[in-house]
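A.B. asks: Sharing a structure below in structure tokens format, with a few things to ask.
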Amino acid sequence: MASSDIADDFVLKPELHAPDVFPDPLIIPPQLEHRQSIIILHGRGSFAAKFTPPLLSTGATGSEETLQTAFPHAKLIFPTASRTRATIYKRSYTHQWFDNWHLEMHTERQDLMTKGLRKSVLYIHSLLRQEIEVVRAENVVLWGLSQGCATTLTTLLTWDGKPFAAAVGMCGWLPFANVMVDMLEEDQSNDDLSHGYDDGDDPFADLEDEHDDPIAFQDPSIQHDPGAASALSAVNFLREELDLKGTKLPTFREVPIFLGHGTEDDKVKIELGRESQKCLQLLEANVQMVEYEGLGHWYSEDMFQEIFQFLNHALEGETPKQ
């Protein structure tokens with residue numbers, strides 16, 4: 001199916017636009033034998049049939065390669081967010097993965113995000129499980145734009161299944177990153193402080209085993225890994241905010257992450273992308289971020305060129321360089 005035909009061939013049924021319902025994803029079959037699956041999330045106010053054609057027609061810089069020709073064995077899955085009321089749009093209905101306050105004041109009213117984000121994360125988790133059953137985890141990619149990027153990163157951090165091939169975020173952010181950064185930096189500071197004591201004077205020395213340390217008790221495998229223990233504390237905070245189950249450290253540290261962001265993005269400022277990168281680095285995730293000079297709130301041929309290279313390495317089982 002040519003990308004230009006998608007919007008005409010995919011008819012949105014009225015009942016699929018009912019509030020609080022996820023419409024069936026738009027599926028683009030692979031051009032060759034199905035070996036990989038790529039799930040791609042649109043931004044707020046969009047939907048699959050609108051979002052897909054321009055993305056599929058964008059080529060990489062210096063070549064005619066598009067997503068479909070670069071990955072002919074990939075089934076492309078474009079979910080549509082449910083229609084819910086957006087607080088910043090005077091509570092009018094729009095397709096959004098979650099509600100949120102103005103991003104220039106993103107540390108305020110973060111409670112707006114929790115209900116929708118929980119619902120969307122559980123939905124994307126179910127799509128991941130479906131595709132993993134078919135092509136195995138190492139052949140599945142999760143990708144998102146803007147609010148779809150925010151949902152992608154939250155989905156990854158709370159994913160407790162096998163590590164999948166890669167995660168990609170374009171011009172987005174990580175919800176609750178500011179809180180998690182504060183937690184992780186405080187843990188890092190306490191860890192640095194404890195290393196400044198002799199063994200007999202260490203005030204943390206009484207935490208000798210997993211039964212004394214509540215985090216290590218949840219996941220004994222991280223008992224001697226301070227970074228993992230801090231990461232689990234931060235992820236547990238995120239789980240609690242979204243009312244998600246889980247006690248062990250998720251597998252996100254085994255999933256390579258690519259973030260692309262334009263320096264002239266006026267909707268999701270580059271500082272939010274940098275904060276997301278910082279949080280992921282503190283979580284000891286395998287993340288790389290590329291900033292695109294002069295680019296606004298969208299993707300570009302240069303960004304696609306680097307995403308294609310990143311995914312080629314990730315889907316071949318190589319660890320992309322940070």
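A.B. asks: Has the range 284-302 got at least one residue that is out of contact with any strand residue (DSSP E or B) (no Cβ under 9 Å at 6 or more places or on another chain), under 22 Å from Leu238 (Cβ atoms) and not polar (S, T, N, Q)?
C.D. replies: The answer is yes, given that some residue of the range 284-302 is out of contact with any strand residue (DSSP E or B) (no Cβ under 9 Å at 6 or more places or on another chain), under 22 Å from Leu238 (Cβ atoms) and not polar (S, T, N, Q).
A.B. asks: Look at Phe304 and say whether it is closer than 28 Å to Ala231 by Cβ, at pLDDT 95 or above and not in a loop (DSSP other than H, G, I, E, B).
C.D. replies: no
A.B. asks: Read through the list (1) in the same structural domain as Ser37 (by TED's automatic domain parsing); (2) out of contact with any Phe, Trp or Tyr (no Cβ under 9 Å at 6 or more places or on another chain); (3) of a type in the set (A, V, I, L, M); (4) part of a helix (DSSP H, G or I), then give the number of the only condition that Leu272 fails.
C.D. replies: Failing condition for Leu272: (2).
A.B. asks: Further question: Looking for whichever is in contact (Cβ under 8 Å) with a residue 24 or more places away in the chain, in contact with a strand residue (DSSP E or B) (Cβ under 8 Å, 6 or more places away or on another chain) and farther than 18 Å from Cys171 by Cβ here; the options are Leu112, Leu156, Leu127. Which one fits?
C.D. replies: So the residue among Leu112, Leu156, Leu127 that is in contact (Cβ under 8 Å) with a residue 24 or more places away in the chain, in contact with a strand residue (DSSP E or B) (Cβ under 8 Å, 6 or more places away or on another chain) and farther than 18 Å from Cys171 by Cβ is Leu127.
A.B. asks: For the condition farther than 30 Å from Val179 by Cα and in contact with a Phe, Trp or Tyr (Cβ under 8 Å, 6 or more places away or on another chain), what is the one hit in Thr80, Thr58, Thr84, Thr69?
C.D. replies: Thr58
A.B. asks: On to the next question. Can you name every residue in the range 52-70 that is β-branched (Val, Ile, Thr) and surrounded by fewer than 16 Cβ atoms within 10 Å (Cβ to Cβ)? Break it down stepwise before answering.
C.D. replies: Let us first name the residues in the range 52-70 that are β-branched (Val, Ile, Thr), namely 52, 58, 61, 66, 69.
Thr61, Thr69, listed by residue number.
A.B. asks: Right, next: Looking at the range 254-269 only, could you name the residues that are surrounded by 19 or more Cβ atoms within 10 Å (Cβ to Cβ) and not in a loop (DSSP other than H, G, I, E, B)?
C.D. replies: Ile257, Phe258, Leu259, Gly260, His261, Gly262
A.B. asks: Would you say Gly172 is in contact (Cβ under 8 Å) with a residue 12 or more places away in the chain, under 28 Å from His313 (Cα atoms) and not in a helix (DSSP H, G or I)?
C.D. replies: Answer is yes for this residue.
A.B. asks: Right, something else. I need a count of the residues in the range 117-139 that are closer than 15 Å to Leu238 by Cα and among the hydrophobic types (A, V, I, L, M, F, W, C).
C.D. replies: The number of residues fulfilling the criteria is 3.
A.B. asks: Hey, another quick one. May I ask you to say which residue of Pro256, Pro250 is within 25 Å of Asn139 (Cα to Cα), of a type outside the set (A, V, I, L, M) and at pLDDT 95 or above?
C.D. replies: So the residue among Pro256, Pro250 that is within 25 Å of Asn139 (Cα to Cα), of a type outside the set (A, V, I, L, M) and at pLDDT 95 or above is Pro256.
A.B. asks: Is it the case, given these coordinates, that Val121 is out of contact with any Asp or Glu (no Cβ under 8 Å at 6 or more places or on another chain) and surrounded by 15 or more Cβ atoms within 10 Å (Cβ to Cβ)?
C.D. replies: So Val121 passes the test.
A.B. asks: In the range 27-51, which residues are touching an Asp or Glu at 6+ places or on another chain (Cβ under 8 Å) and either closer than 19 Å to Cys171 by Cα or surrounded by fewer than 21 Cβ atoms within 10 Å (Cβ to Cβ) (or both)?
C.D. replies: First, pick out the residues of the range 27-51 that are touching an Asp or Glu at 6+ places or on another chain (Cβ under 8 Å): 37, 39.
Result: Ile39, single match.
A.B. asks: Has the range 189-198 got at least one residue that is among the aromatic types (Phe, Trp, Tyr), modelled with pLDDT of 95 or more and either within 19 Å of Gln277 (Cβ to Cβ) or outside the structural domain of Phe47 (by TED's automatic domain parsing) (or both)?
C.D. replies: To start, the set of residues in the range 189-198 that are among the aromatic types (Phe, Trp, Tyr) comprises 197.
Okay, now just the ones that are also modelled with pLDDT of 95 or more, so none.
No, the range 189-198 contains no residue that is among the aromatic types (Phe, Trp, Tyr), modelled with pLDDT of 95 or more and either within 19 Å of Gln277 (Cβ to Cβ) or outside the structural domain of Phe47 (by TED's automatic domain parsing) (or both).
The values are calculated or read from the model by the stated rules, or taken from the named source; none is laboratory data. Predicted model only: the values in this text are computed from it and were never measured. For neighbour counting, all protein chains shown are included, and Cβ atoms are generated from backbone atoms with ideal geometry for every residue, glycine included.
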